[in-house]
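Read the structure below first, then the notes.
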Amino acid sequence: MRCHLTLSDQPLTLVTEIASSGEGAIWETDRPGVLAKIYHHNKRTPERFAKLEVMIQDPPRDPTAPMHHVSLAWPTDIVADTRKKPIGFIMPAIQHAKSLITFSSPLLRKRNQIVSWYFLYHIARNLCAIIRSVHRRGYVIGDLKDENILVNERALPAIVDCDSFQVRHKGTTHLSPVGTAGFTAPETIGTDFSSQARSVSSDRFALAVIIHQLLFGDHPFSGNWKADQGASDEPPDINVLIRDGHCRYNPTSQIQPAARTVGLRTVHPALRKCFYQAFVVGHNKPHRRPSARAWEKALHKASRRLHTCRIHPSHVYDPYCGPCPWCDLKATQNIELFPAAEHLQRHSAGGVSALGVFAPPLAPPRWLFWIKRIARWLMGIAIVATVVALLWYFQSLILAYLQTIGGMIGEHFNDSP
């Protein structure tokens, strides 16, 4: 099928249809690494193509470009038919990548046997960098969800379905008309997205959910439902749980963590704070949810403390938060969330894993952590004792000085006639 590129005034040939959705179909083209999305006839509206033109003229910076990666399937030109009527757009193809669900789902991860917790940290951090770049340009993703994110073997994500982003231009807002249950912020649940604009705070909620799914393997609003007396034991719909703030980290929530998961105690305090801000504080105060930049900083700080388990090389954890939680989960629940693969070998610091991501160093023995902890305690006690001793010393000097001054003044008055 022969077409024409409107902005670059170049011919284009659609070769093979590879996917289809409610909006249109995805086609391979005669250009290497370029795909085309052709809208269905009832979706080819002037407003849609006006939005695309704005996006083409003002793309966000790609933070993964120095790594020769494409992180956004961003529109690059308008596709027109032989009558010069716009019918779709072209975008870069995201190659050699799998759905994020392949990595975040413990079941699918177990089948693939290719990831570690360290790898998932890298995915989350790189995703934050991409979303930060999008937000900095003034765009709102809107329908941010795991299905719209692809990940390659270097832990580099890419966001697809970019034409659904919310775009503001010269006083006009081109809306993101879709939303997905489980990723919709509580303040926007029940909203008609085809007529209501969204803010970056809604993206921040969805980002927090995705990071939680990556690190813990489940949704933060899922778990064991403790129903009120006389009420149904069945948990409400996920959107109802989100709307009512039933996050398992909320002390008043009726959702309790399932036995097959690990808690916030296993992650760096900076990440604990981010999750609490996103799901508890941010429930009534959306502006308090952590930005993509805040998540990126917390993930960077946390990933520097990760180590490889000395018993199971496929386990990666933060030894400063306690023993390996994955070993504990396997011993107590007989659940293995990170099964060992034949090609996954033990690595030293700076080693490169089979996925091309630097593997963390081996965790020091537990006794060494206790020695370090005791040493820190002793150092703290020594510092406090030193400060107290100095204060006592200076207090003695000041008292002695005041007594001397008082004596001199007394002698002066005694000697006067």
For this session: With the condition kept exactly as written, say whether any residue in the stretch 201-219 is among the basic types (Lys, Arg) and modelled with pLDDT under 95.
Result: no
Seminar exercise, completed: When (1) at pLDDT below 95; (2) in a loop (DSSP other than H, G, I, E, B) are applied to Phe183, the one that fails is (1)
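Return the residues of the stretch 159-174 that are in a loop (DSSP other than H, G, I, E, B) and either in contact (Cβ under 8 Å) with a residue 24 or more places away in the chain or polar (S, T, N, Q) (or both); say none if nothing qualifies.
Those that are in a loop (DSSP other than H, G, I, E, B) and either in contact (Cβ under 8 Å) with a residue 24 or more places away in the chain or polar (S, T, N, Q) (or both): Val160, Asp161, Phe165.
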For this session: Take the stretch 255-269 and flag every residue that is surrounded by fewer than 17 Cβ atoms within 10 Å (Cβ to Cβ) and part of a helix (DSSP H, G or I).
Result: Arg265, Pro269
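In the stretch 245-270, how many are without any contact (Cβ under 8 Å) to a residue 40 or more places away in the chain and not basic (Lys, Arg)?
15
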Seminar exercise, completed: Flagged in the stretch 228-266 as in contact with a Leu (Cβ under 7 Å, 6 or more places away or on another chain) and of a type in the set (Val, Ile, Thr), in numbering order, are Ile255, Val262
Exercise. Which of the residues that make up the stretch 185-223 are out of contact with any helix residue (DSSP H, G or I) (no Cβ under 6 Å at 6 or more places or on another chain), farther than 17 Å from Ile255 by Cβ and hydroxyl-bearing (Ser, Thr, Tyr)?
Worked result: Thr191, Ser194, Ser195, Ser199
Exercise. Does Lys37 satisfy the criteria of being in contact (Cβ under 8 Å) with a residue 12 or more places away in the chain and either among the hydroxyl-bearing types (Ser, Thr, Tyr) or in contact with a His (Cβ under 6 Å, 6 or more places away or on another chain) (or both)?
Worked result: no
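In this structure, does Ser176 turn out to be touching a Ser or Thr at 6+ places or on another chain (Cβ under 6 Å) and under 24 Å from His283 (Cβ atoms)?
In short, yes.
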Exercise. Would it be correct to say that Asn148 is within 17 Å of the chain's Cα centre (by Cα) and within 25 Å of Glu47 (Cβ to Cβ)?
Worked result: yes
Exercise. Given the conditions (1) under 26 Å from Leu120 (Cα atoms); (2) assigned to a strand (DSSP E or B), and given that Arg248 satisfies all but one, which numbered condition is not satisfied?
Worked result: (2)
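The values are calculated or read from the model by the stated rules, or taken from the named source; none is laboratory data. From a predicted model like this one, the values you see are computed outputs, not experimental measurements. Cβ sites come from the backbone with ideal geometry, for glycine too, and all protein chains shown count toward neighbours.
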